[in-house]
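We did not get these values from a lab; they are worked out from the coordinates using the rules stated. All values reported here derive from a predicted model rather than from experimental measurement. Reconstructed Cβ throughout: ideal geometry from the backbone, glycine too, with neighbour counts over all protein chains shown.
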Amino acid sequence: MSRSFAMTLNVIGLYAIAAVLAGAFAAQLSLGELPCPLCLLQRIQFAMLAVGPILNVRFGPRASHYGVSLLVAIAGAGFAARQILLHVAPGDAGYGSPLLGYHYYTWAFVGFAVALFLLAVMLLFDGQFAANQKDEPPAVNWLGRIAVWGVITLTALNVVSTLVECGFDRCPDNPISYQLLKRLM
Amino acid sequence: MEFTGLFLAVAVVQLVAWRGARPLAVGLFAATLIAAVLTYLHHASDTLNLSF
């Protein structure tokens, strides 16, 4: 795998992460379902998953950048697995609305598991790391720049959304209203 | 409040990864990941109501 092809795949990965963050936002706003604390932690892990690809796009592919993403995917899968187990008992309806038969945290677990698999596959190809000896930062095209700024913008929007949802206090376990708006009105 | 702080920290890490020095980005990333895991462990030891 060439260095430029690996960078293209990293840019595609950033678009996939942006799609996940945007989808979570869309579900929150359209269904009026506020994310619980554990749901927020999983969103945070999806946003952190973007750090590895951003480093790869900026400095060129390195094994350590994939390691960054692997650590995040392991933590994210662990958080999602805990939420699945919390609602695994018979008769428990789960938290939030299901999407295509599965709750968001189940989809999050699938997403982190897929990320782990794809990252492991990427690490199989040594050819992408050879050019790093020159230490030259790669040229980033406009598609790459849009992907990076898109993810950063969505993460910044989550800062605002979480502040409005939780206010300056502790986030409720089962949030049903935006705490900051409630306090201001 | 801690989740707002974590999202803010992630946004800063992403910005540093894109514009700043690589060692600083990796260091901030490590600190943010540890903070996220500690937040999880803190909440995981709470009484469970609905989702926690």
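Structural remarks
- Residue range of chain A that is longest and free of chymotrypsin sites (Phe, Trp or Tyr not before Pro) which are both DSSP loop and sparsely packed (at most 14 other C-beta within 10 Å): A:1-124
- Prolate/oblate/rounded call for the range A:37-181, Cα gyration tensor, a/c under 1.5 rounded: oblate
- Count Lys and Arg as plus one, Asp and Glu as minus one, and take only other residues whose Cβ is under 14 Å from that of A:Gly94; the net charge is then -1.
- For chain A, the residue among A:Ile84, A:Cys171, A:Ala130 whose Cα projects farthest onto the positive side of the dipole built from Cβ charges is A:Ala130.
- Note on the range A:1-120: along the principal axes its Cα atoms extend 51, 27, 22 Å, ordered by decreasing extent.
- Proxy reagent accessibility, fewest Cβ within 10 Å first, across B:Leu41, B:Leu33: B:Leu41, B:Leu33
- The range A:1-77 - percent relative contact order, Cα under 8 Å, separation 6 or more: 37 percent
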